[in-house]
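Worksheet for the structure shown next.
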């Protein structure tokens, strides 16, 4: 007590004395003492829990308190909390088990993203409560609600793209962590885009979600001499599996138009111009074990996407099976003389895809693919050193896409000089390449055509480029500014030598 009083007297004297340096030192000392006291108190609590970890306890109640907690409905919280109440369990808890279960419930509450902070503390019931027992504990979750309505506007600048956007997000609409997002944007390449997305968890589980969305957009595609207008809607259900992987099954229906053809549009683009209707179901599986999805230094990613359109009861006027696989792996690179993590890492990625023509309905001949369904390859987020859609089949000046592709990339990343390894800024050396092919005509035999085209991926060297650049991993997106040098370019492909700027969340 004496030391605390002396510190208070010293602080008052410092306030009277205009010696700012002395005042700062005293404040710093008080803060250090307070932090040390809090650390000791936390450690004593941990020791107390550890020494009583096998003590039998009963979770009699769980309560959510804090600013905005009244906006979350009781039935939603009951599904989350009731399973861990002792009254609903056959086996008794130990103190350690009770805290673990309550911590798991708190973590689920955080993942709904409707609260800023969720902290947990325990208390004993009132001694005057006749129904309480010595082993009863009450658990309180203190939370501060995020803003329920968030409006954001701004501008984006990317590779050959500039846009202005507005976004309205409404959280916790009905008190069950539902959200509605309304997005609108206008730009130089995406002429206009309007999207509405409603998302809700299923059975108060943040890992099971149902999403309904609607979209209307008009996108200029000058490298294929047309504009695509799209109107559609979809339904998605996603869930988490054991091991950390995720699944998503979705249905989408879309009306597409290839319109506003340029004067020099190729016969391929003109043949596909007009309306088409796509009705499809798809499945996405993702297993991401990287330490950072935008700037990984260790771990791996596996991802598959499969889509079937038009076949059987799906109808529409396009039919195909489209499948893609993506892998990515990163490892830290040790540097002699540097202990621990050097900040240098090596990553490599591979993507491949195939579009297999199918008949529409239950019978008939398979339909050839259309420009707006084929794969496009090239650009600052996949094959650097080539323009967007710069690889693969061409008709005149138009990049018309392909049905089979494979692409790869290798990147060596270094901490930026005098900045350090703990920042999201890196220098990179890269080499990447790939091939994109159209199905070969095999007299109407689709299987032979697909097999022959896949085999053709290994026919000769792929298109290649290498370079050096700067990478900045912002929490929202990754930014790259690279100097690229094309090394292998096939006739007609649209290579790009020099500086190239890219913004995205998925890079090869």
Exercise for review: Tell me, yes or no, whether segment 259-268 has at least one residue that is over 19 Å from residue 314 (Cα atoms), touching a strand residue (DSSP E or B) at 6+ places or on another chain (Cβ under 9 Å) and either assigned to a helix (DSSP H, G or I) or at pLDDT 95 or above (or both).
Suggested key: yes
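Condition test on residue 76, is it surrounded by 10 or more Cβ atoms within 10 Å (Cβ to Cβ), modelled with pLDDT of 65 or more and in contact with a helix residue (DSSP H, G or I) (Cβ under 9 Å, 6 or more places away or on another chain)? Spell out the reasoning first.
Working: surrounded by 10 or more Cβ atoms within 10 Å (Cβ to Cβ): yes; modelled with pLDDT of 65 or more: yes; in contact with a helix residue (DSSP H, G or I) (Cβ under 9 Å, 6 or more places away or on another chain): no.
So residue 76 does not fit the description; no.
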Exercise for review: Only residues that are in contact (Cβ under 8 Å) with a residue 60 or more places away in the chain, assigned to a loop (DSSP other than H, G, I, E, B) and touching a helix residue (DSSP H, G or I) at 6+ places or on another chain (Cβ under 7 Å): list them for segment 388-423, please.
Suggested key: 388, 389, 400
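Tell me which strands (runs of 3 or more DSSP E) are completely within segment 180-247 and hold 3 or more residues being more than 22 Å from the chain's Cα centre (by Cα) and surrounded by 15 or more Cβ atoms within 10 Å (Cβ to Cβ), or say none if there are none. Working first, answer last.
Values: elements: 190-202, 205-221, 226-240.
Output list reads 205-221, 226-240.
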**Study point:** Failed item, numbered, when residue 441 is tested on (1) surrounded by fewer than 13 Cβ atoms within 10 Å (Cβ to Cβ); (2) within 24 Å of residue 352 (Cα to Cα); (3) touching a residue at least 60 places away in the same chain (Cβ under 8 Å)
**Key:** (3)
Exercise for review: Could you look through segment 55-70, keep only residues that are more than 28 Å from the chain's Cα centre (by Cα) and more than 13 Å from residue 140 (Cα to Cα), and pick out the one that is surrounded by the most Cβ atoms within 10 Å (Cβ to Cβ)?
Suggested key: 57
Check your understanding: Does segment 169-176 contain at least one residue that is touching a residue at least 60 places away in the same chain (Cβ under 8 Å) and not in a loop (DSSP other than H, G, I, E, B)?
Key -> no
Exercise for review: Taking the residues in segment 340-364 that are part of a loop (DSSP other than H, G, I, E, B) and touching a helix residue (DSSP H, G or I) at 6+ places or on another chain (Cβ under 9 Å) as candidates, determine which candidate is surrounded by the fewest Cβ atoms within 10 Å (Cβ to Cβ).
Suggested key: 362
Practice item. Only residues that are touching a strand residue (DSSP E or B) at 6+ places or on another chain (Cβ under 6 Å) and over 20 Å from residue 329 (Cα atoms): list them for segment 471-489, please. Key: 481, 482, 483, 484, 485, 486, 487, 488, 489
Point to revise | Check on residue 103, modelled with pLDDT under 85 and within 38 Å of the chain's Cα centre (by Cα) | key: no
Check your understanding: What number of residues within segment 451-466 satisfy the criterion of being over 20 Å from residue 481 (Cβ atoms) and in contact with a strand residue (DSSP E or B) (Cβ under 6 Å, 6 or more places away or on another chain)?
Key -> 8
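Do we have residue 297 as surrounded by fewer than 15 Cβ atoms within 10 Å (Cβ to Cβ) and within 27 Å of residue 382 (Cα to Cα) here? Before the answer, list the steps.
Numbers: surrounded by fewer than 15 Cβ atoms within 10 Å (Cβ to Cβ): no; within 27 Å of residue 382 (Cα to Cα): yes.
Criteria not met by residue 297.
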Point to revise | Residues that are under 22 Å from residue 62 (Cβ atoms) and modelled with pLDDT under 90, drawn from segment 141-185 | key: 141, 142, 143, 144, 145, 146
Study note, to complete from the structure: Among (1) under 30 Å from residue 264 (Cβ atoms); (2) out of contact with any helix residue (DSSP H, G or I) (no Cβ under 7 Å at 6 or more places or on another chain); (3) not in a strand (DSSP E or B), residue 371 falls short only on (2)
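The values are calculated or read from the model by the stated rules, or taken from the named source; none is laboratory data. Just so it is clear, the model here is predicted, and its values are computed rather than measured. Here the Cβ is made from the backbone with ideal geometry for all residues, glycine too, and neighbour counts use every protein chain on show.
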